[in-house]
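Undergrad: First the structure, which I've put down as structure tokens, then a few questions once you've had a look.
Every read-out reported here was derived from the displayed coordinates using simple, explicitly stated rules and does not represent laboratory data. As the structure is a prediction and not an experimental result, all values here were calculated from the model. Every residue, glycine among them, receives a Cβ derived from its backbone with ideal geometry; neighbour counts consider all protein chains shown.
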Amino acid sequence: MSLRELITHSRGLPASGDGPVFAEPWQAEAFAMAVTLHDRGLFTWEEWAATLSGKLKHPGALDDASDYYHCWLEALESLIASKNVADSHDIDQLAAAWQRAAHATPHGQPIRLENDPDRS
Amino acid sequence: MAARVRALETILTEKGLIDPQAIDAIVDTYETKVGPRNGAKVVAKAWSDPEYAEWLKRDATAAIESLSYTGRQGEHMQAVFNTPDTHNLVVCTLCSCYPWSVLGLPPVWYKSPPYRSKAVIDPRGVLVEFDLTLPETTRIRVWDSTAELRYLVVPMRPEGSEGLSEEQLAELVTRDSMIGTGLARAPGAG
């Protein structure tokens with residue numbers, strides 16, 4: 001998407017022209033986690049900006065910025081790992097557990113980690 | 001992605017680093033409470049009150065905080081005033097640093113690689129994409145935001161806005177005019 005198309009799209013959005021702040025709920029959660037962890041002092045905002053900009057610079061970055069929160073999440077994971085809170089292996093395993101729990105949960109009911117059939 | 005975020009949330013909650021309720025509160029704040037209306041009030045006040053404008057020019061962080069719009073990342077704010085000779089344009093070439101407390105979260109185009117790369121190299125060309133053509137004699141000054149310093153453009157007060165209240169003036173201040181990719185609306189224009 002060209003810059004002009006992005007601008008036109010942004011202007012076509014309802015209300016104040018700002019549209020929804022987050023395209024999907026997980027983006028809002030990833031955003032808020034970074035803000036909270038900074039508030040808690042896990043990292044400085046300079047560290048955050050440097051890590052995020054490193055992720056955004058990846059080759060093949062999309063012109064329409066639709067990968068922005070993917071980069072945000074990667075930055076969050078890499079800072080969490082560098083601060084020895086959790087590494088990507090821990091996150092992979094728990095994400096898989098959440099996915100299994102989601103599959104095992106009947107539609108309309110809240111998904112709980114306890115519903116993971118492989119849970120030990 | 002959703003499962004990954006959920007996994008992160010679980011780990012961070014178990015370690016006592018985040019509180020799910022606090023996460024919800026932050027999301028709510030940025031989805032509904034913080035937005036360009038804050039910045040518009042700052043600009044309208046600067047247009048109406050020369051003393052406030054002077055303060056905003058000298059110490060934007062304090063002048064903005066006085067209206068209870070406080071940055072979360074301890075960032076400093078600088079207000080850059082448009083004049084007939086100089087137009088100001090804000091970008092973050094590195095990532096997407098943006099004055100959240102006064103403008104909310106940035107629009108998609110602000111975060112896009114084309115805007116971030118072109119704004120510095122060819123600001124006049126970028127403004128044309130926004131249908132904003134400035135006189136050749138107007139100098140365009142580009143401000144590159146950082147984690148420590150964020151910018152708010154104070155657009156020129158539109159002609160014909162004499163006698164309007166601060167509230168009415170704030171209606172003329174668009175988000176884009178505070179980034180520098182637009183001008184304030186003329187009174188009576190849609």
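Undergrad: Please compute the Cα-Cα pair-distance distribution of the stretch B:35-179 with 10 Å bins starting at 0, giving whole percents from short to long.
TA: 12, 43, 36, 9, 0
Undergrad: Can you give me the Cα centroid spacing of the stretch A:80-114 and the stretch B:125-150 in angstrom?
TA: After rounding, the separation between the Cα centres reads 44 Å.
Undergrad: Under 5 Å between amide H atoms, partner at least 5 residues away or on a different chain: which partners does B:F81 have, H built in plane at 1.01 Å?
TA: B:V154
Undergrad: Hey, got the average number of other protein chain Cβ atoms within 10 angstrom for residues in B:12-20? Could the numbers behind the result be given before it?
TA: Details: counts 9, 1, 2, 3, 1, 9, 9, 2, 2.
What the average comes to for B:12-20 is 4.
Undergrad: Further, regarding this structure: List the residues, sorted by chain then number, that are 5 or more residues from B:G35 or on another chain and whose placed amide H is less than 5 Å from its amide H.
TA: Result for B:G35 returns B:G104.
Undergrad: Another question, then. ³J(HN,Hα) across the stretch B:16-32 via Karplus (A = 6.51, B = -1.76, C = 1.60, θ = phi - 60°), whole Hz, x for Gly/Pro?
TA: Residue by residue, the stretch B:16-32 yields x, 8, 9, 10, x, 5, 5, 4, 4, 5, 5, 4, 4, 4, 6, 7, 10 Hz.
Undergrad: Write out the cysteines belonging to chain B for which the nearest other cysteine Cβ is not under 4.7 Å, or none if no such cysteine exists.
TA: Result for chain B is B:C95, no neighbouring Cys Cβ within the cutoff.
Undergrad: Say the cut-off is 20 Å between C-alpha atoms; which of A:K83/B:K15; A:K55/B:K111; A:K57/B:K118; A:K57/A:K83; A:K57/B:K33 go over it? Write out the running numbers ahead of the final one.
TA: Details: A:K83/B:K15 13 Å; A:K55/B:K111 13 Å; A:K57/B:K118 15 Å; A:K57/A:K83 22 Å; A:K57/B:K33 31 Å.
Flagged as over cut-off: A:K57/A:K83; A:K57/B:K33.
Undergrad: So what are the ³J(HN,Hα) numbers for the stretch B:38-44, from phi and the Karplus equation (6.51, -1.76, 1.60; θ = phi - 60°), rounded to whole Hz, Gly and Pro as x?
TA: 4, x, 4, 5, 4, 5, 4
Undergrad: Explain nothing, just the number: dipole magnitude of chain B about its Cα centre with +1 on each Lys and Arg Cβ and -1 on each Asp and Glu Cβ, in debye rounded to the nearest 20.
TA: Values: 20 positive and 25 negative charges, 100 e Å.
The calculated dipole for chain B is roughly 480 debye.
Undergrad: Sticking with this one: ³J(HN,Hα) across the stretch A:74-88 via Karplus (A = 6.51, B = -1.76, C = 1.60, θ = phi - 60°), whole Hz, x for Gly/Pro?
TA: Karplus values, whole Hz, x for Gly and Pro: 4, 4, 4, 4, 6, 5, 4, 5, 5, 8, 6, 7, 7, 9, 5.
Undergrad: Using alpha carbons only, how many degrees (0 to 90, rounded to 10) separate the axis of helix A:25-39 from the longest principal axis of chain A?
TA: 90
Undergrad: Which of the peptides A:44-51, B:48-55 is most tightly packed, and how do the rest follow, judged by the mean count of other Cβ atoms within 10 Å per residue?
TA: Ranked by mean Cβ neighbours within 10 Å, highest first: A:44-51, B:48-55.
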